[in-house]
Amino acid sequence: MIIKRFTIELGASDKTSAITLISVSSTADTSAVSNQLMNLNGVKVVYEITGQYDIAAIIAAPAIADINKCIDDVRKIEGVSDTDTVIILKTMR
């Protein structure tokens, strides 16, 4: 048997990441907002948290413009009252 053709296809890597902290209005269902967040393109992980904010979402995308688009989509979700986003500059492993 001889291998005549060999190809490796790599998917686009997510080079930019952000953490978005989200406040949910007191009349909204936090779990419903979390479920809607998971359906957005770019949202990788959603955490329901305690403290000043109700949800933390990890967003990853190829470029800052894509991160910004995702944040705009987050703000359009009914029940989201405020967001605070930080761009991740460096990941330590």
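The values are calculated or read from the model by the stated rules, or taken from the named source; none is laboratory data. Please read all numbers here as calculations on a predicted model, not as lab measurements. Heads up, the Cβs are rebuilt from the backbone with ideal geometry, glycines too, and the neighbour counts pull from every protein chain shown. Surface areas here come from the heavy atoms of the whole protein model, side chains and all, with no ligands, DNA or RNA. Shrake-Rupley method; radii C 1.70, N 1.55, O 1.52, S 1.80 Å.
Let's see if you can work this out: charge +1 on each Lys and Arg Cβ, -1 on each Asp and Glu Cβ, no other charges. What is the dipole magnitude of the chain about its Cα centre, in debye to the nearest 20?
The dipole magnitude comes to about 700 debye.
Could you sort the peptides 34-41, 68-75 by per-residue average Cβ neighbour count (10 Å cutoff), highest mean leading?
Final packing ranking: 68-75, 34-41.
Quick check: pseudo-label points 7 Å beyond the Cα along Cα→Cβ at residue 56 and residue 86, how many nm apart are they?
Rounded to a tenth, the inter-label distance reads 0.9 nm.
For 55, 88, write out the residues from largest to smallest accessible area, computed with a 1.4 angstrom probe and no ligands counted.
Final ranking, largest accessible area leading: 88, 55.
Skipping prolines and chain starts, which residues have an amide H placed within reach, meaning under 5 Å, of the one on residue 54, given they are 5 or more residues away or on another chain?
Distant-sequence amide H within range of residue 54: 22, 23, 24.
Hand me the tally of lysine pairs in the chain: alpha carbons under 29 angstrom apart, and the pair either on different chains or 8 or more positions apart.
Close lysine pairs under the 29 Å cut-off: 9.
Go through (1) 154; (2) 103; (3) 83 and flag the label whose value is the computed volume of the Cα convex hull per residue in Å³ for this structure.
Label (1) holds the value from this structure.
Per residue, how large is the accessible surface of the chain? Use a 1.4 angstrom probe and give square angstrom.
Per residue, the chain has 74 Å² of solvent-accessible surface.
Positive end of the dipole of the stretch 42-93, charges at C-beta (+1 Lys, Arg; -1 Asp, Glu), about the Cα centre: which of 70, 60, 83 has its Cα farthest in that direction?
60
Would you please name the GluC sites (Glu not before Pro) within the chain that are DSSP coil residues with at most 14 other C-beta atoms within 10 Å of their C-beta?
Of the GluC sites (Glu not before Pro), the ones in loops of the chain whose Cβ has at most 14 other Cβ atoms within 10 Å are 9, 78.
Using a 1.4 Å probe on the protein chains only, how many percent of the accessible area of the stretch 17-93 belongs to carbon and sulfur?
It is 50 percent, rounded to a whole number.
Could you run the Karplus curve 6.51 cos²θ - 1.76 cosθ + 1.60 with θ = phi - 60° over the stretch 48-63 and give me ³J(HN,Hα) per residue in whole Hz, x for Gly and Pro?
Taking θ as phi minus 60°, the curve returns 8, 10, 9, x, 4, 10, 9, 9, 10, 10, 9, 10, 9, 7, x, 8 Hz for the stretch 48-63.
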